[in-house]
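The values are calculated or read from the model by the stated rules, or taken from the named source; none is laboratory data. Note that the coordinates shown come from a computational prediction; the quantities given were computed from them, not determined experimentally. Quick reminder, even Gly has a Cβ in these numbers, built from the backbone with ideal geometry, and neighbours come from all protein chains shown. Calculation scope for accessible area: heavy atoms of the full protein, side chains included, ligands and nucleic acids excluded. Shrake-Rupley method; radii C 1.70, N 1.55, O 1.52, S 1.80 Å.
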Amino acid sequence: MFIVVLCLSLLKVAGATQPTNIFLADTFEAPYLVGKGGGDILANVNAAILGQLFRLTEHYTLEPILADSWHWNAKTGTYHIKLKKGLRFHNGREATAKDLEFSLLRGFFSKSPAFFQIYVGSIEGAEDVLPGTPYRSGVVSGIKIINDYEISVKLRRPNPAFLFSLVQPFLSLSPIEEFKDDLVTWKKHPVGAGPYRVTKDFDGQKMQISRVTSVVGGVNEVNLWTAYDPKVTYDIFFKTPSALKKENYDTYISKNSVSVRGLSFSFANLLGSDLDFRRFMIAGIKRQGLAKILAPDGEPSIELLPKIMWGRADLKNPYDPGKAMQLFKKFESKLPPGKQLVGYVFGQNGIISSANQRLIDVIEESLRPYGVRVLWKTTTKKFLDPEIAKEAAFELSGMLSEHVDPLLMYGAYRQNGPFKFRKPLNGDPAFDALYEKAGQATDKPDRIKTMQALSQYVQDQAYFVPLAEEKNMILHRKGLVKSFGRQTQSLILFLDQIELN
């Protein structure tokens, strides 16, 4: 009897130490690569490994995580951010104020496109850095080292929401010695000061991360998969393979929308740069029936900003077949032989997700009366190469929308934004002026008014065709999760907050 009980006990302990298998997406790429795969996947991986300087609370306030505290110095017009003492990177080195300075600025010194310009481009002097310049502490005037654990940050224009940008995990602490010369690509794998460290690097299918400090009943060891293997029993799915038997899983759906999915145009393409064509796409896509096919984790969208955000212009449904036909006649002669366009969508080797396919069906049905067909090609790149951008009239993709400051959603269209081909190649001074005006507005009514002007302008210039607001839907194996704990940001599933049965 004692032997049986002992064996059962040992089995229970062994089972408790089994890694949690999480399927991220079928990208076949390392999930930490910038510019490859979805921004949601990168955010979740970075949150686990890099951690966060601040976390957004349930009441939309900031909670220090790796940061110890912050304050505003009214005399100098600077934010002061202090790190917790004793923080150590996973490589064993202590994290200091110089690491915080580097982590906020590294993207400006890199020639590789990233999101730093969108989130922290308001730091004084940051955008004056010539990409490719070797990094040196103290070069950017807007950041000063106060002591070993504290920095001050001065902005070129007021931005009450600046600190809220620092909930983004990719802005968290990162050691300079672990990056290649481009300051974006890891030498081997991510190294941070977050709750999980990399214990097995990506092997072509998965990578393994382990909790720095194990917790009884917690998610302690994790296999992060980017290639679906039907022989593996997965515990959690971020993206759902078509072959999965969903009846074995429960659903977790985020409270708020995490992205707005739609068409972005390539201004390196003859048609993508044609205003009549872009306006045709806005007026010609019929959204009737979208509500039904998008449920339960999505709903139709006609504006870049999701419904929960302030600053919306409350635009009307732009579908107008009569107007679409008038516009079509203006550019019809520019269509390629057979009226076949090339569109890109995220995917690997021709594999398109069911969520994207549902939207593709709507787009193709809307274009059919005009004789226009689309050859859809897949890419895993977040930022299109020049060759792809020249070939593609548009790209079906999502824009992350979980921001406290809605102005961040428009950063993609700024002249120095990371999406080189999503705006006029020679820039758009009128848009930049509206963006700066919105950024300088500190009075809430004036800020709302300027945001609404931006929203109207983006639709008038047809930079983006919104189709769907998406929530984060995650499948988890029945009986696995006892509690999801504090999940305060819809885009990220904080693994350290989950309690298992």
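The number of residues in segment 428-472 being touching a Phe, Trp or Tyr at 6+ places or on another chain (Cβ under 9 Å), of a type outside the set (Ser, Thr, Tyr) and open to solvent by less than 40 Å² (accessible area, probe 1.4 Å) comes to 11. In this structure, Arg312 does satisfy being in contact with a Ser or Thr (Cβ under 9 Å, 6 or more places away or on another chain) and not polar (S, T, N, Q). If I ask for residues that are among the β-branched types (Val, Ile, Thr), modelled with pLDDT of 95 or more and in contact with a strand residue (DSSP E or B) (Cβ under 8 Å, 6 or more places away or on another chain), which ones from segment 459-497 would you list? If the condition is that a residue be among the β-branched types (Val, Ile, Thr), modelled with pLDDT of 95 or more and in contact with a strand residue (DSSP E or B) (Cβ under 8 Å, 6 or more places away or on another chain), then Val465, Ile474, Val481 are the ones that fit. Determine whether segment 90-107 contains at least one residue that is touching a Gly at 6+ places or on another chain (Cβ under 9 Å), open to solvent by 20 Å² or more (accessible area, probe 1.4 Å) and touching a residue at least 40 places away in the same chain (Cβ under 8 Å). Yes, that holds for at least one residue. If we scan segment 332-345, do we find a residue that is aromatic (Phe, Trp, Tyr) and under 17 Å from Ile282 (Cβ atoms)? No; the residues of segment 332-345 include none that is aromatic (Phe, Trp, Tyr) and under 17 Å from Ile282 (Cβ atoms). When segment 72-89 is limited to residues that are touching a Ser or Thr at 6+ places or on another chain (Cβ under 9 Å) and of a type in the set (A, V, I, L, M), the one that is surrounded by the fewest Cβ atoms within 10 Å (Cβ to Cβ) turns out to be Leu87.
Residues that are of a type outside the set (Val, Ile, Thr) and without any contact (Cβ under 8 Å) to a residue 40 or more places away in the chain do not occur anywhere in segment 261-271.
Of Thr27, Thr61, all but one fail to be modelled with pLDDT under 95 and closer than 24 Å to Arg156 by Cα; the exception is Thr61. For segment 294-324, filtered to residues that are farther than 21 Å from Gln461 by Cβ and in contact (Cβ under 8 Å) with a residue 60 or more places away in the chain, the residue that is most open to solvent (accessible area, probe 1.4 Å) is Lys307. Total residues in segment 188-227 satisfying the condition of being touching a Pro at 6+ places or on another chain (Cβ under 8 Å) and in a strand (DSSP E or B): the figure is 8. When Lys437, Lys471 are checked against the criterion of being in contact with a Ser or Thr (Cβ under 7 Å, 6 or more places away or on another chain) and in a helix (DSSP H, G or I), Lys437 stands alone in meeting it.
Within segment 283-293, one or more residues are modelled with pLDDT of 95 or more, within 30 Å of Leu408 (Cα to Cα) and in contact with a Lys or Arg (Cβ under 9 Å, 6 or more places away or on another chain). So is Ile351 aliphatic (A, V, I, L, M), under 27 Å from Lys382 (Cα atoms) and open to solvent by 60 Å² or more (accessible area, probe 1.4 Å) or not? Judged against the criteria, Ile351 is a match.
One residue is enough: does segment 455-475 have a residue meeting the conditions within 23 Å of the chain's Cα centre (by Cα) and on the phi > 0 side of the Ramachandran plot? Within segment 455-475 (the criterion being within 23 Å of the chain's Cα centre (by Cα) and on the phi > 0 side of the Ramachandran plot), the answer is yes, since at least one residue qualifies. Can you tell me which residue is most open to solvent (accessible area, probe 1.4 Å) among those in segment 26-64 that are over 30 Å from Asp203 (Cβ atoms) and in a loop (DSSP other than H, G, I, E, B)? Looking at the filtered set, the residue picked out is His59. Condition first: part of a strand (DSSP E or B), of a type in the set (Val, Ile, Thr) and either touching a residue at least 40 places away in the same chain (Cβ under 8 Å) or touching a helix residue (DSSP H, G or I) at 6+ places or on another chain (Cβ under 7 Å) (or both). Now tell me which residues in segment 373-387 satisfy that. Listed by number, the residues that qualify are Val374, Thr379.
When the residues of segment 247-262 are filtered to those that are of a type in the set (Gly, Ala, Ser) and modelled with pLDDT under 95, the one that is surrounded by the fewest Cβ atoms within 10 Å (Cβ to Cβ) is Ser254.
For first residues located in segment 63-79 and farther than 21 Å from Gly51 by Cβ, partners that are among the aromatic types (Phe, Trp, Tyr) and surrounded by fewer than 16 Cβ atoms within 10 Å (Cβ to Cβ) and lie 6+ apart or on another chain with Cβ distances below 8 Å form the pairs Thr78/Trp72. When the criteria are applied in full, Phe464 fails the requirement of being more than 24 Å from Arg261 (Cα to Cα), aromatic (Phe, Trp, Tyr) and touching a helix residue (DSSP H, G or I) at 6+ places or on another chain (Cβ under 7 Å). Scanning segment 371-402 for residues that are open to solvent by 30 Å² or more (accessible area, probe 1.4 Å) and more than 20 Å from Val184 (Cβ to Cβ) yields Gly371, Arg373, Leu375, Trp376, Lys377, Thr378, Glu387, Lys390, Glu391, Glu402.
Considering only residues in segment 217-248 that are over 21 Å from Tyr32 (Cα atoms) and touching a residue at least 60 places away in the same chain (Cβ under 8 Å), the one that is nearest to the chain's Cα centre (by Cα) turns out to be Ser242.
In this structure, is Leu327 touching a residue at least 24 places away in the same chain (Cβ under 8 Å), within 20 Å of the chain's Cα centre (by Cα) and either buried (at least 19 other Cβ atoms within 10 Å of the Cβ) or not in a helix (DSSP H, G or I) (or both)? For Leu327, the condition - touching a residue at least 24 places away in the same chain (Cβ under 8 Å), within 20 Å of the chain's Cα centre (by Cα) and either buried (at least 19 other Cβ atoms within 10 Å of the Cβ) or not in a helix (DSSP H, G or I) (or both) - is not met. Of the residues making up segment 149-166, those that are assigned to a loop (DSSP other than H, G, I, E, B), open to solvent by 10 Å² or more (accessible area, probe 1.4 Å) and either without any contact (Cβ under 8 Å) to a residue 24 or more places away in the chain or closer than 16 Å to Ser69 by Cβ (or both) number 1.
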